[in-house]
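J.: For reference, the structure I am asking about is given below.
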Amino acid sequence: MAERKYTHGLTLTLRGSATVLDIGKMEIWDGADLSLIRDTIFRLVNEEGVTSIGIDVSRVQHVPSGFFGMLFDWYEQGVTIGLYQPRSRVRQMLWFRKFFMKYEETVYCLHDGESVNEDVSEELWDAVNSIEEPRIPLVASS
């Protein structure tokens, strides 16, 4: 994989057992941002053995449609995925409501969506009583 020259201000921090990606002040992610996140997760998982990934989305207003699908692909490979501090606009996206559950005050963990009854609740991620715990606990941002 070629070395990236421009990383859009991406930083990595360790929060509990999760390696958290923060892409900086970008409010609207485009294909290049998604590619940067994908390549970073690929490197962390396949080259460094990381099994718990968090993504700080506190500044994000909009993400490309492929973002959630990409995260689900990693989830199916056994990687625990958490989103940190998502704004209301992101929390209202259909994929988010179906596939993320509130884990801690500012952390939402990806799950398989099978335990969510879409007919019962508009706020799908609030109905988490029957959803099993994430594989590896994630810790909320400080």
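J.: Any idea which residue in region 1-26 is modelled with the highest pLDDT, counting only those that are of a type in the set (Ser, Thr, Tyr) and under 16 Å from Cys109 (Cα atoms)? Walk me through it before giving the result.
T.: First pass over region 1-26, keeping only residues of a type in the set (Ser, Thr, Tyr): 6-7, 11, 13, 17, 19.
Right, trim to under 16 Å from Cys109 (Cα atoms) and you get 17, 19.
Working: Ser17: 89, Thr19: 95.
Selected residue: Thr19.
J.: Where the second residue is surrounded by 13 or more Cβ atoms within 10 Å (Cβ to Cβ) and aliphatic (A, V, I, L, M) and the first is touching a residue at least 60 places away in the same chain (Cβ under 8 Å) and at positive phi and lies in region 10-31, which pairs have Cβ atoms under 8 Å and are six or more apart or on separate chains?
T.: Listed by first residue and then by second, the contacts come to Gly16/Leu138; Gly16/Val139.
Residues are listed down the side, and each one gets a yes or a no for (1) buried (at least 17 other Cβ atoms within 10 Å of the Cβ); (2) modelled with pLDDT of 50 or more; (3) aliphatic (A, V, I, L, M); (4) not in a helix (DSSP H, G or I):
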{"position": "Tyr75", "(1), (2), (3), (4)": "yes, yes, no, no"}
{"position": "Gly78", "(1), (2), (3), (4)": "no, yes, no, yes"}
{"position": "Ile81", "(1), (2), (3), (4)": "yes, yes, yes, yes"}
{"position": "Met101", "(1), (2), (3), (4)": "yes, yes, yes, yes"}
{"position": "Cys109", "(1), (2), (3), (4)": "yes, yes, no, yes"}
{"position": "Val116", "(1), (2), (3), (4)": "yes, yes, yes, yes"}
{"position": "Ser121", "(1), (2), (3), (4)": "no, no, no, yes"}
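J.: Just wondering, is there one or more residues in region 125-141 that are at pLDDT 70 or above, buried (at least 19 other Cβ atoms within 10 Å of the Cβ) and within 21 Å of Arg15 (Cβ to Cβ)? Even if it seems obvious, please write down each step before you answer.
T.: First, pick out the residues of region 125-141 that are at pLDDT 70 or above: none.
No; the residues of region 125-141 include none that is at pLDDT 70 or above, buried (at least 19 other Cβ atoms within 10 Å of the Cβ) and within 21 Å of Arg15 (Cβ to Cβ).
J.: On to the next question. Looking at the structure I just gave you, is Arg89 touching an Asp or Glu at 6+ places or on another chain (Cβ under 9 Å) and more than 22 Å from Arg15 (Cα to Cα)?
T.: Numbers: touching an Asp or Glu at 6+ places or on another chain (Cβ under 9 Å): no; more than 22 Å from Arg15 (Cα to Cα): yes.
No, not satisfied.
J.: Quick one: Pro64 ticks every box in (1) within 18 Å of Asp33 (Cα to Cα); (2) assigned to a loop (DSSP other than H, G, I, E, B); (3) at pLDDT 90 or above bar one, so which box is it?
T.: (3)
The values are calculated or read from the model by the stated rules, or taken from the named source; none is laboratory data. Given the structure is predicted, the values throughout are model-derived calculations rather than measurements. No Cβ is skipped: glycine too gets one built from the backbone with ideal geometry, and neighbour counts run over all protein chains shown.
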